[in-house]
Structure formats: structure tokens, C-alpha cells
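**Student:** So that we are looking at the same thing, I have put the structure below in C-alpha cells.
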Amino acid sequence: MFALISVSIAPAFALLSFFYLKDEYELEPIFSIFRTFLYGALLVFPIMFIQYAFQEEGVAQSLFLQSYFVYGLFEEFFKWFIFIFTTYKYSRFNTVYDGIVYGVSISLGFATVENILYLFAHGIEFAIGRAIFPVSSHALFGVIMGYYLGRAKFKNNRGISYLLLALLLPTFLHGTYDFIIESIRGQWIYGLVPFMVLLWLLSLRKVKIANEISQTQ
């Protein structure tokens with residue numbers, strides 16, 4: 001059990017450390033990172049309950065609605081909401097890049113609990129694949145969300161637009177991720193690898209821009 005929990009947590013720790021240390025301006029307090037990570041972790045069970053209820057009631061059964069609504073929108077909306085409700089006004093959130101750090105933290109809290117549950121159910125042999133794809137993708141959705149929430153906080157004239165982008169773009173990306181997996185079963189890796197490469201490039205671009213903006217704030 002210790003080994004399973006360790007391999008479940010390790011990818012999130014590595015990814016969170018990577019994006020945390022990419023902050024070129026001012027590192028956030030570890031306690032604040034842990035707190036937002038915990039918020040993300042606590043989201044798993046209510047979201048799973050809602051998704052289960054939708055499946056049992058036969059609501060939104062098409063592949064498109066399952067991917068973009070039941071999984072993409074639900075998961076990203078709750079992350080977005082908890083970020084705004086708990087962290088957006090936080091005094092230490094004082095640069096655009098801080099948004100990325102907190103967005104990644106919330107997303108990886110969610111991904112870690114989800115990963116533990118999956119590996120308990122299906123076995124430790126899936127750990128590497130889970131680290132490369134689902135856990136990493138959640139982190140990258142968090143980068144995109146956090147970037148636009150950071151822009152929203154420090155860009156008064158376009159704040160609403162950035163707030164909406166912080167929800168809609170991760171939702172679209174998350175939905176596309178799930179749609180690729182479900183639409184080309186058995187050969188999903190041929191669609192998902194290029195998607196993940198593009199997602200990493202987009203996210204690293206946002207990291208670079210956020211650091212540049214943060215240094216001028």
C-alpha cells in the first residue's frame with residue numbers, strides 16, 4: 001500500500017515542484033501551496049458523486065456531452081470556483097505567475113486523489129501512464145487556468161474576459177483530452193501524444209509570459 005500511495009503522489013509532487021520553482025519573482029509560502037492542494041483534493045468526491053448521478057440517470061450520455069460537459073466543464077468549473085472563492089483575493093497572490101502556481105496546486109490536489117483511487121482500483125502497473133497523461137494534463141490545465149486568473153486580477157479593463165477564459169479554455173482542453181481517449185479507443189495514444197505536446201508547449205509559453213509580466217509588476 002505504501003508503494004502504491006507513493007507512486008500515486010510522486011508525479012504531482014514532481015510537477016508541482018517544477019512549476020513552483022519556475023517562479024522567477026517570489027516563491028509562494030509552502031503552507032499556501034499545501035492549502036490550495038488540499039482544496040483541490042477535497043473536490044474529488046463531490047465531483048465524482050455528481051458525475052455518477054449523471055451516469056445513473058442517463059443524462060448527457062453522448063460522447064461529446066460526456067467529454068466536454070460531464071468531465072471537462074464539471075471538473076474545471078469546480079477548480080475555477082474554488083480558486084476564486086479561496087485564493088483569488090489572497091494577499092500573497094500578487095503577481096500573474098502566482099496564479100499559475102495556485103492553479104497547478106489545486107489541479108494537482110484533484111489529480112492526486114483521483115490517481116490514488118484509480119491505482120487502487122486497477123493496479124500499480126498503470127502508474128507511469130497515469131503520470132504522463134492524466135496527472136500531467138491536470139497540471140497543464142491548471143497552468144492555463146491560473147495564468148488567465150492572474151491576468152484577470154491585474155488587468156482591470158479586461159478582467160471579465162480573462163475570468164471567462166480561465167474557465168472556458170481549460171474546459172475545452174480537458175474535454176478534448178477526454179474526447180480523444182473515448183473516440184479512438186485502442187489507438188488513443190496516436191491522438192493524445194500530439195495533443196499533450198501542444199498542451200505542454202502552450203503551458204510553457206504561458207509560464208514564460210507570466211514570469212515576464214510578474215517582473216514588471
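No lab work stands behind these numbers, since they all come straight from the coordinates. Predicted, not measured: the structure shown is a model, and the values here were computed from it. Virtual Cβ from ideal backbone geometry, glycine too; neighbours counted across all protein chains shown.
**Student:** Identify, among Tyr71, Gly142, Leu119, the residue whose Cα sits farthest towards the positive end of the charge dipole of the chain, taking +1 on the Cβ of Lys and Arg and -1 on the Cβ of Asp and Glu, with the dipole about the Cα centre.
**Tutor:** Toward the positive end, the furthest listed residue is Gly142.
**Student:** Let me ask something else about it. Taking the stretch 137-217, how much of its Cα-Cα pair set, in percent, is spaced more than 19 angstrom apart? Intermediate results must be reported in sequence, preceding the final value.
**Tutor:** Numbers: 1390 of 3240 pairs.
Result for the distance tail: 43 percent.
**Student:** Sticking with this one: For the chain, what are the per-bin percents of Cα-Cα distances with bins 10 Å wide, up to the bin holding the maximum?
**Tutor:** 8, 35, 38, 16, 3, 0
**Student:** In which sequence would Glu28, Glu75 go, from the one with the fewest C-beta neighbours within 10 Å to the one with the most?
**Tutor:** On the way: Glu28 20, Glu75 27.
Going from sparsest to densest Cβ surroundings: Glu28, Glu75.
**Student:** Oh, and also: Sorted by mean Cβ packing within 10 Å, highest first, what order do the peptides 178-184, 36-42 take? Mind dumping the intermediate values first?
**Tutor:** Working: 178-184: 16.3, 36-42: 20.6.
Peptide ranking by packing, descending: 36-42, 178-184.
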